Amino acid sequence: MEWFLILLGCIAIYVLFLAYIRTYNPYPRYITLYGPIIGLKTENVGFFDYFRRYSGFLRIYGTIGVAMVIIVSIAMVIMLLLSVNLTLELKPEPTSLHKPQNIFLIPGVNEFVPSTFAVWFAFILTLVVHEFGHAILCRVEQIAVKSMGVLFLIIPIGAFVEPDEEGVKKASPWPRMRMYGAGIINNIIIGLISFGLMVSLIGLAVPTQEPVVVGLYQNYSAAQADVPTPSIIRTVNGEAVQTSKDVSDILNTTRPGDAVLVGFDHKGEVRDYSLNVSPWPEALGEHESGFMGVYYYNGQGIIDTVRSMFSPIGIFMLLSVPFNPTMEGQYLRILGFDVSDTEYYSAPFPGYWELIHLLFWSGFINFAAGLFNALPMIPLDGGFIFKEGTERILARRGLSKYADHIVGFVSTGMIVLMVAIFALPYLFHL
């Protein structure tokens, strides 16, 4: 209720401020309105001229960005088509992933993206590096920049750079494409750097060696005895244990059917449980000893998993972390969420996990923004690059008049595919 009242108050203040702004005609130079969206802008953009001294390098950088956008754009279209096809085949039940508010990557609105300092920092960083990419390439390509600013709809929802429209129209196709692609390549590179730093730093955390029980095998003695999780095994048959190996060494002397007395520490309270050990599950291999049916938190295994993720496939696994309901996905939430699992590590310095979270979300949001903006859909940057390329190809064949129709058709197709992914599960189960 408290958060709801705060939200209502913010909306009321925003509406009053919007009404106040609309009393001005014309609006103050530092304000522009897009319907209910307020843009705060500045025309002090001369510092972008500094980058013109690196024009040669930045044109190469922009050209690489265009090539990257084309590759990513094709890959994203294929992924959308495969996702829709899979949805049509499986007809899944709608889940929280399909809720309308989760379509947009807005902290606190999307239930998978928390409203934390790390997320907001990453969100603003993503907007800044994206728009600065456009502005810098504008000046490199001799296109004037009129202003830049931030967009608000109660909260910051975007940023913008306002190039001179006549300058953009007069520029040739390649300079325009480099300008459009610069924001995307900036986001992807910042995403790579952020994930790379996170992967490098994660190994500094020292996982606990204590036997932390985080799960129970159903129909085995620990589950039947209602052993609480998470908990730490302190004693086995009266003998103190420090590591999971200590526990295994004692249990290796038992046989199925034996009774063992295990002391579990849950929230600081140690309680003894008498467990009749069972034969091991076949999936875990052949063992002569008894099995009490617990599994431990594997901190080193999680660190090793993260350190192996700096690869094309691994990065997509990192992008799935906020939405991954599997056990592995839940363990990996230490990378971006304030979860109790961080207690099972010794941090190398104060603020370590806050830094890991900041790097994770900086990588996640920059990558997500870069991939989304690469889609061949107007008004996204990928759509404008697709438009420029389509016009050039058709112009050589005297078919320029069809360019707008093709771009419009593809843009509409992208919207239909994205809406289908979210809407079909609801339509299947009306």
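The values are calculated or read from the model by the stated rules, or taken from the named source; none is laboratory data. In this text, all values refer to a predicted model and were calculated from it rather than measured experimentally. Methodologically, a virtual Cβ is constructed for each residue, glycine included, from the backbone with ideal geometry; neighbour enumeration extends over all protein chains shown. Just the protein is used for accessible areas: all its heavy atoms, side chains included, with ligands, DNA and RNA removed. Shrake-Rupley method; radii C 1.70, N 1.55, O 1.52, S 1.80 Å.
In terms of its alpha-carbon gyration tensor, region 155-270 comes out prolate; a/c meets the 1.5 threshold, and the first ratio a/b outweighs b/c.
In what sequence, largest accessible area first, do I189, I393, I136 appear using a 1.4 Å probe? It would help to have the intermediate numbers written out before the result.
On the way: I189 55, I393 90, I136 25 Å².
Result of the area sort, largest leading: I393, I189, I136.
For region 205-299, the list of trypsin sites (Lys or Arg not before Pro) that fall in a loop by DSSP and count at most 11 other C-beta atoms within 10 angstrom reads K267. Shape class of region 72-128 from the Cα gyration tensor (axes a ≥ b ≥ c, square roots of the eigenvalues): oblate, since a/c reaches 1.5 or more and a/b does not exceed b/c. Highest mobility in the GNM of the chain, judged by mean-square fluctuation with C-alpha springs under 10 Å and restricted to A135, A182, A222, is found for A222. Over region 245-338, what portion of Cα pair distances is larger than 22 Å, expressed as a whole percent? Summing the P(r) tail past 22 Å for region 245-338 gives 50 percent. With K and R counted +1 and D and E -1, the other residues having a Cβ less than 14 Å from that of D341 yield a net charge of -3.
Per residue, how much accessible surface does region 126-244 expose to a 1.4 Å probe? Answer in Å², no decimals. Don't jump to the answer; show the numbers that get you there.
Details: 4910 Å² over 119 residues.
So region 126-244 comes to 41 Å² accessible per residue, rounded to a whole number.
For region 327-430, the per residue solvent-accessible surface stands at 49 Å², with DNA, RNA and ligands left out and a 1.4 Å probe.
Counting only protein heavy atoms, what percent of the accessible surface of the chain is carbon or sulfur at a 1.4 Å probe?
Working: 14740 of 23020 Å².
Exposed carbon and sulfur together represent 64 percent of the surface.
Within the listed set I250, I143, I103, the residue fluctuating most in the Gaussian network model of the chain (springs between alpha-carbon atoms under 10 angstrom) is I250. Largest GNM mean-square fluctuation across E131, E43, E141, computed for the chain with C-alpha springs under 10 Å, falls on E43. Across all Cα atoms of region 281-430, the radius of gyration (one decimal) and Dmax (whole number) stand at 23.5, 79 Å. Computed over neighbours whose Cβ is under 11 Å from that of E391, the net charge equals +3, Lys and Arg +1, Asp and Glu -1.
Given Cα pairs under 8 Å that are at least 6 residues apart, what percent is the relative contact order of the chain? Could the numbers behind the result be given before it?
Working: 628 pairs, mean separation 86.6, N = 430.
20 percent.
For each pair in K170/K387; K99/K387; K41/K387; K245/K267; K99/K267; K41/K99, compute the distance between the two Cα atoms and list the pairs where it is over 25 Å. List each step's numbers first, then the result.
Working: K170/K387 16 Å; K99/K387 31 Å; K41/K387 28 Å; K245/K267 22 Å; K99/K267 36 Å; K41/K99 33 Å.
Check vs 25 Å cut-off fails for K99/K387; K41/K387; K99/K267; K41/K99.
Within region 1-150, the proportion of C-alpha pairs whose separation exceeds 19 Å stands at 74%.
Taking the convex hull of the Cα atoms, report for the chain its projected area averaged over all directions, in nm². It would help to have the intermediate numbers written out before the result.
On the way: hull surface 113.0 nm².
Value for the chain: 28.3 nm².
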